[in-house]
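FYI, it's all coordinate maths here, none of it is from the lab. Note that the structure is predicted; figures quoted are calculated from it, not measured. Reconstructed Cβ throughout: ideal geometry from the backbone, glycine too, with neighbour counts over all protein chains shown.
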Amino acid sequence: MSEILIRANGLHKTFGSTHAVAGVSLQVAAGELYGLVGPDGAGKTTLLRLLCGVLHPEQGEVWLGQLDMAHQPEQARQQIGYLAQRFSLYEELTVLENLRFFAEVRGISAQHWGPRSQEVLEFVGLAEFSDRRAGQLSGGMKQKLGLALALINRPRILLLDEPTTGVDPLTRQEFWRLIIRLLQEEAPAVLLSTPYMDEAARCTRLGFLQAGKLVCEGTARQLRARLTNRVMELAGQPYSLLASLAKADPGVEGVQRFGNRFHLRVQEGQLQAVLQRLAGSIRAAGGQLDSLQPIEPQLEDVFIQLSEGSAL
Amino acid sequence: MRASLRDVEYQVTTVIHTENLTRRFGSFVAVDHLNFELQAGEVLGYLGPNGSGKTTTIRMLLGLLHPSEGRAQVLGYDVVAQSEEVRARSGYMSQKFSLYHELTVHENLAFYAGVYGVRNPNRVKEVLESLGLAPVQGQAVQNLSTGWRQRLALATAIVHQPGLLFLDEPTSGVDPVARRAFWDLIYELSAQGITVMVTTHYMDEAEYCSQVGIMRQGRLLALEEPGRLKQSLPGQVWEVYAEPLLPALEALEKLTGVQRVALAGDFLRVITTPGLELDFLHQHLAASGMQVTALQPGAATLEDVFMTISGG
């Protein structure tokens with residue numbers, strides 16, 4: 001068993017009348033990549049801030065490794081690398097100066113930060129840009145510098161708040177290669193939040209947060225299995241006719257467009273009935289049916305179902 | 001006679017027309033000789049890496065930024081000489097929504113209606129209702145979630161009934177369910193006859209567009225229907241489920257005939273030259289010590305196209 005590096009027990013945090021985090025417990029082991037997903041406003045950012053000690057819980061505790069955040073906050077935090085959703089760089093400072101500033105804030109001695117800076121810059125692929133002002137970096141390079149800053153203190157625990165939001169697909173690919181390499185080489189405990197379901201599918205474990213509560217936890221495979229035999233794919237023309245007929249079917253719970261197809265979520269045990277009924281009603285209405293078949297549910301199907309609150 | 005008829009038709013149906021539209025900032029060419037046309041009723045998805053010139057293009061088309069070279073017509077008006085006419089007939093939702101946080105939803109919208117000189121006294125109510133904002137119209141913006149703010153930002157962009165709507169990364173930082181709801185609104189506006197130009201980093205959203213443009217380093221490299229773009233992908237797509245993921249990716253990248261490898265969920269998408277055999281990939285992975293659980297041909301997606309075109 002790998003060592004548990006992040007342990008949250010019964011965390012609560014309120015802002016005025018809003019119960020942002022309402023009793024969350026979770027554990028992340030060394031080498032694990034834990035993905036936090038959920039609707040906007042579910043409390044993901046607040047939870048991350050509680051875990052890194054920027055916010056204090058009203059109830060519950062955070063243990064990082066062997067250290068209790070409430071009693072040894074300084075030592076506990078020294079193990080963390082944190083990348084905030086909107087992190088700030090000093091635009092007029094160079095890449096290297098940004099790193100030095102960060103290292104000093106984190107209390108890394110002068111003799112250590114130099115070699116470590118070189119190491120992290122090489123890791124994220126910015127070594128040749130160390131003298132460039134941060135303001136002159138492209139969006140993708142800023143993202144990598146953000147990661148380099150989070151890694152400057154050799155953290156055993158990495159907390160990333162939507163690190164790839166607003167980032168193009170190419171940059172996302174590069175960023176993820178770095179995260180996976182880091183996991184392979186140094187096995188930190190990584191917890192990140194993401195609105196991208198393809199990123200979520202890559203995590204070793206997922207937690208779905210809703211209204212401040214962790215309503216569902218498991219591997220991507222386990223989460224997808226919640227909807228086994230409940231998702232069908234529909235293709236044909238015209239879209240508006242297909243959508244309205246599917247929505248009108250009594251066995252269909254939800255209709256969502258996925259590219260040029262629809263995913264239908266059907267009630268338990270209704271797969272065959274919907275299959276026969278809907279094929280008939282589409283033909284009767286003069287629609288063109290290209291395909292209607294059961295498929296493996298995708299993570300996004302599960303996300304939508306959980307967000308609708310029809311969770312079991 | 002014919003020629004003049006065509007002229008009339010041209011004026012009615014061509015909403016955007018650019019000729020060598022170029023913008024330089026110092027020695028940096030943000031937008032480089034852009035030539036394209038957009039017809040009325042289309043939904044144009046405008047893709048490209050961060051910093052590839054998407055926002056600069058939109059700002060020039062709105063007359064907010066002057067071209068260094070070339071020209072553009074929007075809704076039949078010259079964007080430099082007639083920029084006020086362009087802006088009076090176009091809506092713009094920028095990446096940073098410009099809303100007054102201490103004002104209510106209704107007050108914000110009424111303010112923008114005033115700025116645009118909207119005379120119809122019922123228009124504000126009409127927009128609030130059509131975008132589903134009526135239930136929160138009395139709430140201050142500062143108390144609203146990102147999803148509601150996004151919806152209000154859209155409302156302020158359409159309150160003056162524009163014929164053309166520019167949306168700059170409208171769904172960045174929004175959860176999957178809210179993104180879908182937002183796209184439903186875009187469809188509704190499109191069905192009402194509004195032409196839409198929208199930038200996004202989400203390739204699944206690009207699938208919903210009638211036209212897709214891809215920019216790189218200021219140049220427009222493709223502008224096509226999504227179906228045609230996918231057909232034009234020169235190569236065969238494979239879905240590879242192999243462990244460990246990153247070494248498998250690196251092993252495939254080194255292989256002759258492999259054009260591109262990308263992380264996709266918990267598997268890899270591989271694009272090879274046509275004619276490459278499945279067994280060849282399988283053997284190479286096995287010989288590199290990888291555990292292959294599944295390897296199958298896949299259908300090209302817009303993400304494949306985007307990675308191929310914008311990756312250079």
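The GluC sites (Glu not before Pro) found in segment B:221-312 that occupy coil by DSSP, while having at most 13 further C-beta atoms within 10 Å, are B:277.
Just tell me how shielded B:172-184 is by partners: mean number of partner chain Cβ atoms within 10 Å of each residue's Cβ, no decimals. Walk me through the numbers on the way to the answer.
Values: counts 4, 7, 4, 10, 12, 10, 5, 1, 5, 0, 0, 1, 1.
Mean partner shielding for this stretch: 5.
Among B:271, B:214, B:194, the largest mean-square fluctuation in a Gaussian network model of chain B (Cα springs under 10 Å) belongs to B:271. Within chain A, DSSP assigns beta bridges of which about 70% are antiparallel (rounded to the nearest 5).
In loop segments of segment A:51-127 as defined by DSSP, the GluC sites (Glu not before Pro) with at most 15 further C-beta atoms inside 10 Å of their C-beta are A:58, A:91, A:92.
Dividing the helix sum by the residues of chain B, where each DSSP H run of 4 or more adds -39500 (n - 2.57), gives a mean residue ellipticity at 222 nm of -10500 deg cm²/dmol.
Given the pairs A:144/A:213; A:142/B:254; B:96/B:230; A:44/A:144; A:44/B:230; A:142/B:96, which are separated by over 24 angstrom at their Cα positions? It would help to have the intermediate numbers written out before the result.
Working: A:144/A:213 31 Å; A:142/B:254 28 Å; B:96/B:230 32 Å; A:44/A:144 22 Å; A:44/B:230 36 Å; A:142/B:96 19 Å.
Violating the 24 Å limit, Cα to Cα: A:144/A:213; A:142/B:254; B:96/B:230; A:44/B:230.
Across segment A:121-213, the relative contact order, built from alpha-carbon pairs under 8 Å that are at least six residues apart, equals 28 percent. Helix-only arithmetic for chain A: the sum of -39500 (n - 2.57) across DSSP H runs with n ≥ 4, divided by the residue total, places the mean residue ellipticity at 222 nm at -11000 deg cm²/dmol.
Percent relative contact order of chain B, based on C-alpha pairs within less than 8 angstrom and at least six residues apart?
Details: 562 pairs, mean separation 58.7, N = 312.
Contact order relative to length: 19 percent.
Each DSSP beta bridge with both residues in the protein assembly as shown is either parallel or antiparallel, and the antiparallel ones are about 70%. Of the three principal axes defined by the Cα atoms of segment B:80-173, the extents in descending order read 41, 32, 22 Å. When only Cα pairs below 8 angstrom with a gap of at least 6 residues are kept, segment B:233-310 shows a relative contact order of 43 percent.
In segment A:5-43, whose amide N lies under 16 Å from the spot 7 Å out along Cα-to-Cβ of residue A:58? List them in ranges. Correct set: A:10-24, A:43. Between residue B:16 and B:38, B:75, the built amide H atoms are under 5 Å apart, and every one of these is 5 or more places off in sequence or on another chain. DSSP beta bridges fully contained in chain B are about 70 percent antiparallel.
Candidate membrane-span-like segments in chain A, meaning DSSP H helices with Cα atoms spread over at least 15 Å of their own axis and a Kyte-Doolittle mean of -1.0 or above, are A:95-105, A:110-124, A:139-151, A:169-186, A:271-284, with no membrane implied.
Would you please name the trypsin sites (Lys or Arg not before Pro) within segment B:43-119 that are DSSP coil residues with at most 11 other C-beta atoms within 10 Å of their C-beta? Those satisfying the criteria are B:96, B:119.
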